[in-house]
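Encoded as structure tokens, the structure appears first; notes follow it.
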Protein chains: 2
Amino acid sequence: MARTFEAGGRRYVALAPELFASTAAKTAHGVIAYSSDETVAVIDPDLAGKSVRDVLPYLERDIPVVSNVAEALRFRPTSLLVGVAPPGGKLPVAWRSEILRAIDAGLEIVSGLHELLEEDPEISKRATAAGVRLWDVRVPPKVELFSGAAFALESRIVLTVGSDCASGKMTASLELTRAAMAGGTRAIFVPTGQTGIMIAGWGIAVDRVIADFISGAAEALVVEGARRRGELLFVEGQGSINHPAFAGVTLGLLYGSAPDALILVHEAGRRTINGFDQIPLLSLHELIGLYEELCAAVKPAKVAGIALNTRKLAEADARRAIEAARSETGLPVDDVVRFGPQALYAGVAPKVRKTAVKSSVR
Amino acid sequence: MARTFEAGGRRYVALAPELFASTAAKTAHGVIAYSSDETVAVIDPDLAGKSVRDVLPYLERDIPVVSNVAEALRFRPTSLLVGVAPPGGKLPVAWRSEILRAIDAGLEIVSGLHELLEEDPEISKRATAAGVRLWDVRVPPKVELFSGAAFALESRIVLTVGSDCASGKMTASLELTRAAMAGGTRAIFVPTGQTGIMIAGWGIAVDRVIADFISGAAEALVVEGARRRGELLFVEGQGSINHPAFAGVTLGLLYGSAPDALILVHEAGRRTINGFDQIPLLSLHELIGLYEELCAAVKPAKVAGIALNTRKLAEADARRAIEAARSETGLPVDDVVRFGPQALYAGVAPKVRKTAVKSSVR
């Protein structure tokens with residue numbers, strides 16, 4: 001199925017010029033937080049001299065931020081990570097010179113952009129000359145159309161769905177996987193996007209396949225999760241059902257991954273769709289209704305809980321927001337990063353625990 | 001924007017071995033019914049000796065059906081049309097020899113398969129040697145992400161949406177375009193799939209773009225329709241909102257084309273999703289509710305009428321089915337092929353007619 005790449009053993013420099021503090025750098029943030037590959041430096045001239053902890057305390061890492069590739073080399077990196085996911089996935093002109101410098105210094109380049117490094121004449125030529133590997137994470141394998149095989153899997157499948165993009169769906173899936181493993185359940189995180197693939201070392205960027213094959217790619221991923229003997233599969237969600245640009249991917253993934261349960265992910269305080277100020281987010285109540293109505297039309301699944309991302313709130317406000325969401329919906333609600341995934345996990349855990357389990361993050 | 005190809009002047013042989021009578025040959029049926037390129041013969045050994053009218057009376061064409069390319073040559077074709085759209089778009093092995101014979105006979109090859117002729121070493125080599133053109137209709141142009149530009153167009157946009165795939169959405173859009181033109185409105189058919197592109201000579205196969213760009217491709221198409229000064233744009237719909245394999249494309253098109261009104265298309269008597277017997281079609285009432293609910297979350301649009309495809313019913317049964325759908329939904333309902341598009345068109349026609357109009361089918 002999916003192309004697989006080893007994770008573990010890399011020493012990353014994460015390239016995120018002028019953007020490391022923003023949501024746009026979610027690739028860098030995700031890899032720093034969850035990958036077994038170590039990040040040894042971050043490149044952002046605006047923040048040079050600080051540490052990751054200074055900029056984003058929740059990441060709890062003392063990784064230095066530097067101005068450029070030349071400065072990062074003293075941390076003995078093996079790989080340059082393109083740490084930003086700009087909409088449309090194009091390579092900003094300003095990053096090109098840094099990437100070329102990294103190639104000349106012998107670093108592997110890891111990128112999740114739509115615009116492929118291997119198809120860039122200048123970059124691919126320099127990489128060949130320097131003998132370095134280009135890993136375009138988003139290049140999909142050949143996939144088949146959705147067949148219905150996903151309906152027959154014995155694994156319990158839990159998909160995160162969102163009120164918007166970049167709200168914390170991958171993080172929720174990863175944290176729930178950890179919680180399941182901690183409880184002795186054989187859980188597997190199923191990566192559907194570039195950052196998830198970098199973290200887990202396998203997966204398919206479902207937004208990069210040919211449109212007719214979104215559901216087929218999602219199906220291939222849960223079939224692979226089952227083949228890896230996952231008792232519980234936490235599938236990384238994408239986009240939102242009312243995102244005007246990305247909802248096609250959201251719905252193809254919703255049907256193709258054939259979930260048994262959904263976890264709704266929302267960033268507290270966000271009011272409008274990312275990039276479209278004229279489109280309000282749906283309420284939690286509306287989102288639950290719409291996602292469940294769509295699932296009911298193919299394979300029924302209910303929202304089992306809400307992962308509320310309260311990163312931008314003070315702790316007291318966060319607790320109030322969680323309580324408000326709980327009373328609006330009657331569902332388990334928690335911030336899985338701030339307060340841990342256990343409360344939310346209780347809502348999706350298998351009712352009967354198997355004995356003699358073995359766990360695996362990836 | 002989209003790659004454009006002249007339509008008109010071709011003399012097609014439509015290749016549909018063993019399948020011409022079935023819905024799988026909808027590409028051939030659509031081109032025969034609506035293209036300004038003439039079809040001079042159909043290849044289907046099972047039906048050789050009959051005419052298209054014998055096989056499919058509603059097409060009303062005395063085109064001969066023959067066994068193979070060799071027999072078709074006496075009708076002086078210019079082009080071979082791959083007239084079948086198999087799920088997944090792969091080239092059946094058995095068709096290869098006929099395609100190669102057509103190439104050797106100097107025919108242009110026109111194909112809407114996902115599997116591209118130009119990427120097939122044997123076919124592309126033979127075509128180069130014979131000096132014939134390969135037109136892979138589904139190859140998309142470079143498109144951008146959805147930007148919101150579609151929200152600002154002055155054209156009135158009408159999208160067909162379906163209860164399933166292959167139910168008559170393209171046909172309904174084409175017939176409504178004709179009705180509008182007959183009424184003096186500057187209407188344009190906006191093609192989103194292979195057959196529509198063959199008919200109109202422009203368009204983008206939105207199921208063939210990279211998944212993240214479905215809505216962007218749809219937006220590019222309506223922007224182009226407006227640029228062509230379409231007062232009324234009839235956008236060809238794709239798939240169905242609860243088709244497990246294709247709904248991602250359906251939703252991306254629903255948002256990206258930013259419709260002002262929807263026409264729901266349903267084939268009378270169909271009960272389950274094409275290829276998935278375990279998934280029932282939604283009722284007309286449920287479909288209207290779901291499509292309108294999704295539109296309301298991005299740009300509101302209502303279902304203005306129902307195009308009921310009654311091809312498989314006797315006329316009296318067809319009239320009863322239309323009346324039943326009308327009383328179930330309270331909307332205008334008609335079979336636009338059997339009884340003409342005028343009744344349905346009345347529901348979507350611009351309220352104020354412009355004077356000094358000029359019409360264009362493409």
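Here are some notes:
- Search result, residues across the stretch B:58-78 that are under 20 Å from the mean Cα position of the chain (by Cα) and open to solvent by less than 30 Å² (accessible area, probe 1.4 Å): B:Leu59
- For B:Pro86: the one exception among (1) closer than 24 Å to B:Thr171 by Cα; (2) surrounded by fewer than 18 Cβ atoms within 10 Å (Cβ to Cβ); (3) away from chain A (no Cβ under 14 Å): (3)
- Take the conditions (1) modelled with pLDDT under 95; (2) crowded, with 22+ Cβ neighbours inside 10 Å; A:Val139 misses just one of them, which is (2).
- Just one of the listed residues (A:Leu73, A:Leu107) is modelled with pLDDT of 95 or more, of a type outside the set (Asp, Glu) and within 23 Å of A:Trp202 (Cα to Cα), and it is A:Leu107.
- Only residues that are touching a Pro at 6+ places or on another chain (Cβ under 7 Å) and not hydrophobic (A, V, I, L, M, F, W, C) were counted across the stretch A:257-304, and they come to 3.
- Any hit, the stretch B:338-351, residues being buried (at least 21 other Cβ atoms within 10 Å of the Cβ) and more than 14 Å from B:Ala261 (Cα to Cα): yes
- For the stretch B:87-98, taking the residues that are out of contact with any Asp or Glu (no Cβ under 8 Å at 6 or more places or on another chain) and closer than 15 Å to B:Leu19 by Cβ, the one that is modelled with the highest pLDDT is identified as B:Glu98.
- From the list A:Gly305, A:Gly330, the one residue that fits, being open to solvent by less than 50 Å² (accessible area, probe 1.4 Å) and away from chain B (no Cβ under 14 Å), is A:Gly305.
- Qualifying residue in the stretch B:279-288 (condition: in contact with a strand residue (DSSP E or B) (Cβ under 9 Å, 6 or more places away or on another chain) and among the charged types (D, E, K, R)): no
- Qualifying position, being hydrophobic (A, V, I, L, M, F, W, C), more than 12 Å from chain A (Cβ to nearest Cβ), at negative phi and open to solvent by 10 Å² or more (accessible area, probe 1.4 Å), among B:Leu284, B:Leu233: B:Leu284
- No other residue among A:Val13, A:Val31, A:Val84 is in a loop (DSSP other than H, G, I, E, B) and within 22 Å of the chain's Cα centre (by Cα) apart from A:Val84.
- Some residue of the stretch B:207-214 being more than 14 Å from every other protein chain (Cβ to nearest Cβ), open to solvent by less than 10 Å² (accessible area, probe 1.4 Å) and on the phi < 0 side of the Ramachandran plot: no
- Failed criterion for B:Gln278 (all others in (1) open to solvent by less than 10 Å² (accessible area, probe 1.4 Å); (2) without any contact (Cβ under 8 Å) to a residue 12 or more places away in the chain; (3) polar (S, T, N, Q) hold): (1)
- All positions within the stretch A:247-281 that are facing chain B (nearest Cβ under 10 Å) and either polar (S, T, N, Q) or more than 18 Å from A:Cys295 (Cα to Cα) (or both): A:Thr250, A:Ile273, A:Gly275, A:Phe276, A:Asp277, A:Gln278, A:Ile279, A:Pro280, A:Leu281
- For the stretch A:219-230, the count of residues that are facing another protein chain (nearest Cβ under 8 Å) and of a type outside the set (Phe, Trp, Tyr) is zero.
- Qualifying positions in the stretch B:1-33 - open to solvent by 40 Å² or more (accessible area, probe 1.4 Å), modelled with pLDDT of 90 or more and touching a strand residue (DSSP E or B) at 6+ places or on another chain (Cβ under 9 Å): B:Arg11
- For the stretch B:172-198, a residue qualifies if it is β-branched (Val, Ile, Thr) and crowded, with 24+ Cβ neighbours inside 10 Å, and the qualifying residues are B:Thr177, B:Ile188, B:Val190, B:Thr192, B:Thr195, B:Ile197.
- Here the condition is being under 24 Å from A:Leu264 (Cα atoms) and touching a strand residue (DSSP E or B) at 6+ places or on another chain (Cβ under 7 Å); of A:Leu221, A:Leu153, A:Leu134, it holds for A:Leu221 alone.
- Residues of the stretch A:34-49 that turn out to be open to solvent by 20 Å² or more (accessible area, probe 1.4 Å) and either assigned to a helix (DSSP H, G or I) or in contact with an Asp or Glu (Cβ under 9 Å, 6 or more places away or on another chain) (or both), as a count: 5
- All conditions in (1) surrounded by 15 or more Cβ atoms within 10 Å (Cβ to Cβ); (2) in a helix (DSSP H, G or I) hold for B:Ala94, with the sole exception of (1).
- Residue within the stretch B:254-267 that is hydrophobic (A, V, I, L, M, F, W, C), in contact (Cβ under 8 Å) with a residue 24 or more places away in the chain and open to solvent by 10 Å² or more (accessible area, probe 1.4 Å) present: no
- Of A:Arg133, A:Arg156, all but one fail to be more than 13 Å from chain B (Cβ to nearest Cβ), free of Cβ contacts under 8 Å to residues at least 60 places away in the same chain and either over 27 Å from A:Leu116 (Cβ atoms) or out of contact with any helix residue (DSSP H, G or I) (no Cβ under 7 Å at 6 or more places or on another chain) (or both); the exception is A:Arg133.
- Screening A:Gly289 on (1) within 25 Å of A:Ile188 (Cα to Cα); (2) more than 8 Å from chain B (Cβ to nearest Cβ) shows it passes everything except condition (1).
The values are calculated or read from the model by the stated rules, or taken from the named source; none is laboratory data. Keep in mind the model is a prediction, meaning the values are calculated, not measured. Using ideal geometry, Cβ is built from the backbone for each residue, glycine included, and neighbour counts are taken over all protein chains shown. Note: areas computed on protein heavy atoms with side chains; ligands, DNA, RNA excluded. Shrake-Rupley method; radii C 1.70, N 1.55, O 1.52, S 1.80 Å.
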